[in-house]
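Below is one structure; the comments refer to it alone.
The values are calculated or read from the model by the stated rules, or taken from the named source; none is laboratory data. Remember, predicted model here, so these are calculated numbers, not experimental data. When we count neighbours, we look across all protein chains shown, and the Cβ atoms used for this are built from the backbone with ideal geometry, even at glycine.
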Amino acid sequence: MIWAHALGTFIHHSHYKTLTSAYAAVLQWIEANDYQIVDSNRESYIESGQEQDHELYVTKLQFSVTKL
């Protein structure tokens, strides 16, 4: 099956504990730019570790979206 949706990808550089703020900013951007989420999001840990508080972590947030 081929999906006809765009994949919005956002890179978060910071602590895991700030991911909530990153999600809020992404959702605001999606709405402000007339996109709609059409499927579950994905979260990938590019640079990670055991600590919750490491500022050098990199997390990739992805959303399947379509233009309204």
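Filtering the stretch 56-68 to residues that are over 13 Å from residue 11 (Cα atoms) and either charged (D, E, K, R) or assigned to a loop (DSSP other than H, G, I, E, B) (or both) leaves 67, 68. Report yes if residue 38 is β-branched (Val, Ile, Thr), modelled with pLDDT under 95 and surrounded by 15 or more Cβ atoms within 10 Å (Cβ to Cβ), otherwise no. No. Has the stretch 50-68 got at least one residue that is small (Gly, Ala, Ser) and free of Cβ contacts under 8 Å to residues at least 40 places away in the same chain? No: the stretch 50-68 contains no residue that is small (Gly, Ala, Ser) and free of Cβ contacts under 8 Å to residues at least 40 places away in the same chain.
When residue 46 is tested against (1) of a type in the set (A, V, I, L, M, F, W, C); (2) over 25 Å from residue 68 (Cβ atoms); (3) surrounded by 13 or more Cβ atoms within 10 Å (Cβ to Cβ), exactly one condition is not met: (3). Scanning the stretch 26-47 for residues that are in contact (Cβ under 8 Å) with a residue 12 or more places away in the chain and over 20 Å from residue 5 (Cα atoms) yields 45, 46. Pairs linking a residue in the stretch 1-24 that is exposed (fewer than 11 other Cβ atoms within 10 Å of the Cβ) to a residue that is modelled with pLDDT of 85 or more, with Cβ atoms under 9 Å and 6 or more positions apart or on different chains, are 3/38; 3/39; 3/64; 4/66.
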